[in-house]
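Below is one structure, written out as structure tokens, with a few remarks after it.
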Amino acid sequence: MSDATSTSVSTHILDTSLGRPAAEVGVRLFVRQGDGQAAWAAHGASKTDADGRCKDFPALPEGTTHVRIVFETEPYFAQQHSSNPRSQREAAEQQDAPRVRDSAPGSFFPEVTIVFAVDPGEHYHVPLLLNPFGYSVYRGS
């Protein structure tokens, strides 16, 4: 963030199926200006840290009206599945989750894309609550 009047974005991801932060998830940030008809422009990319946080995106360009965050979830879930298949199987059985969870090394959502409007000078923290078969987002603080 360059100064107190800049518009900024941060995020974090909590893997609710494991009850812990989701580390090493790729996150891409795009911006656009105007009434929503303008083209998206890439503005930054990062990976979540050990606490599941991305707080190193650059301040948004002046005139930005919309932001798109793309969370690259498929590689994360593939890694989780390969590093601990037994706990995934046990969790699926306990939750009556579909059996495909045991055999598919990924997730139902290979990526999660969130689009939101922004106002100049505000900070937007957008947490993602994630599991292999669902997600939720909200504007945090």
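The values are calculated or read from the model by the stated rules, or taken from the named source; none is laboratory data. Please read all numbers here as calculations on a predicted model, not as lab measurements. Note: ideal-geometry Cβ built from the backbone for every residue, glycine included; neighbour counts use all protein chains shown.
Within the range 8-24, work out how many residues are modelled with pLDDT of 95 or more and in contact with a Pro (Cβ under 8 Å, 6 or more places away or on another chain).
Of the residues in the range 8-24, 5 are modelled with pLDDT of 95 or more and in contact with a Pro (Cβ under 8 Å, 6 or more places away or on another chain).
Within the range 58-77, take every residue that is surrounded by 20 or more Cβ atoms within 10 Å (Cβ to Cβ) and closer than 26 Å to residue 107 by Cα and give me the one that is nearest to the chain's Cα centre (by Cα). Write out each step before concluding.
First, the residues of the range 58-77 that are surrounded by 20 or more Cβ atoms within 10 Å (Cβ to Cβ): 60, 64, 67, 69, 71, 73, 76-77.
Add one more test, that the residue is closer than 26 Å to residue 107 by Cα, and what stays is 67, 69, 71, 73, 76-77.
Working: 67: 13, 69: 7, 71: 4, 73: 8, 76: 11, 77: 13 Å.
That would be 71.
If you take the residues of the range 114-126 that are not hydroxyl-bearing (Ser, Thr, Tyr) and not in a loop (DSSP other than H, G, I, E, B), which of them is farthest from residue 22 (Cα to Cα)?
Just the residues of the range 114-126 that are not hydroxyl-bearing (Ser, Thr, Tyr), to begin with: 114-123, 125-126.
Those left that are additionally not in a loop (DSSP other than H, G, I, E, B): 114-117, 123, 125.
Details: 114: 17, 115: 21, 116: 22, 117: 25, 123: 22, 125: 16 Å.
If we take residues in the range 114-126 being not hydroxyl-bearing (Ser, Thr, Tyr) and not in a loop (DSSP other than H, G, I, E, B), then 117 is farthest from residue 22 (Cα to Cα).
Does the range 92-113 contain at least one residue that is of a type outside the set (S, T, N, Q), under 22 Å from residue 19 (Cβ atoms) and modelled with pLDDT of 95 or more?
Yes, that holds for at least one residue.
Anything in the range 127-139 that is among the aromatic types (Phe, Trp, Tyr) and either assigned to a loop (DSSP other than H, G, I, E, B) or at pLDDT below 90 (or both)? List them, or say none. Spell out the reasoning first.
First pass over the range 127-139, keeping only residues among the aromatic types (Phe, Trp, Tyr): 133, 135, 138.
If the condition is that a residue be among the aromatic types (Phe, Trp, Tyr) and either assigned to a loop (DSSP other than H, G, I, E, B) or at pLDDT below 90 (or both), then 133, 138 are the ones that fit.
Considering the range 46-57 alone, what residues qualify as being surrounded by fewer than 15 Cβ atoms within 10 Å (Cβ to Cβ) and in a strand (DSSP E or B)?
Once the filter is applied, which keeps residues that are surrounded by fewer than 15 Cβ atoms within 10 Å (Cβ to Cβ) and in a strand (DSSP E or B), the range 46-57 yields only 47.
So in the range 10-43, with the set limited to residues that are among the charged types (D, E, K, R) and part of a loop (DSSP other than H, G, I, E, B), which one is surrounded by the most Cβ atoms within 10 Å (Cβ to Cβ)?
Among them, the one singled out is 24.
Give the range 30-57 a look and list any residue that's more than 16 Å from the chain's Cα centre (by Cα) and not small (Gly, Ala, Ser), or say none.
Within the range 30-57, 32, 33, 35, 37, 40 meet the criteria.
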